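The values are calculated or read from the model by the stated rules, or taken from the named source; none is laboratory data. Note that this is a predicted model, so its numbers are computed, not measured. Every residue, glycine as well, gets a Cβ built from its backbone with ideal geometry; the counts of neighbours run over all protein chains shown. For the accessible areas, the whole protein counts, side chains as well, though only heavy atoms, and no ligand, DNA or RNA atoms are used. Shrake-Rupley method; radii C 1.70, N 1.55, O 1.52, S 1.80 Å.
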Amino acid sequence: QVQLVESGGGLVQPGGSLRLSCTASGIVSSQYAMGWYRQAPGKQRELVAHIDSGGHLSYGDFVKGRFTISRDRAKNTVGLQMNDLKPEDTAVYYCNARRTPSEYWGQGTQVTVSS
């Protein structure tokens, strides 16, 4: 059974940092394209950051150098370091693993940026 479990969300002040982690079980995450997505209330889910099986990185336009996605092959995890957080970054953040034809999602972790 494949599971993706996100952790590291919480409440942070504007300008602060958080590090999210996605722990995979049932798959070898380095063999998958892994991504972080987010969904704010009333909005569509959008791509935050993506790393493919070859290590190529891509980010949503709104990231503007503030976030970094990375893999830890030994721990079978994918991390998302988020710096200079803004209130508009408030959302549920989801981990995604994809290798055609399979795709998996985590349950999500809430990130709230507020003073």
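Using DSSP to call loops (not H, G, I, E or B), can you name the chymotrypsin sites (Phe, Trp or Tyr not before Pro) in the stretch 1-96 whose Cβ has at most 16 other Cβ atoms within 10 angstrom?
Details: sites: TYR32, TRP36, TYR37, TYR59, PHE62, PHE67, TYR93, TYR94; in loops: TYR32, PHE62.
Taking the stretch 1-96 and a limit of 16 other Cβ atoms within 10 Å, the loop chymotrypsin sites (Phe, Trp or Tyr not before Pro) found are PHE62.
Please list HIS50, HIS56 in order of solvent-accessible area, largest first, computed with a 1.4 Å probe with all protein chains present.
Greatest to least solvent exposure: HIS56, HIS50.
Counting only the heavy atoms of the protein chains, how much of ASP72 is accessible to a 1.4 Å probe, in Å² to the nearest 10?
60
Which value, in Å² and to the nearest 10, is the accessible area of THR68 when all protein chains are kept and the probe is 1.4 Å?
Approximately 70 Å² for this residue.
Among ILE27, ILE69, ILE51, determine the one that fluctuates most according to a GNM of the chain built with springs between C-alpha atoms less than 10 Å apart.
ILE27
Just grab the label-to-label distance for ASP61 and ARG98, each label 7 Å out from Cα along the Cβ direction, in nm (one decimal).
Distance between the two pseudo-spin positions: 1.9 nm.
Under a straight-distance cross-link criterion of Cα-Cα below 29 Å, which lysines are reachable from LYS86, leaving out those fewer than 8 residues away in the same chain?
Cα-Cα hits under 29 Å: LYS43, LYS64.
Could you compute how much accessible surface ARG19 exposes when probed at 1.4 Å, giving the result in Å² to the nearest 10?
That residue has around 120 Å² of solvent-accessible surface.
Which three numbers, in whole Å and largest first, are the semi-axes of the equivalent ellipsoid of the chain derived from its Cα gyration tensor as √(5λ)? Please report the intermediate quantities before stating the final value.
Values: eigenvalues 106, 38, 34 Å².
Those come to 23, 14, 13 Å.
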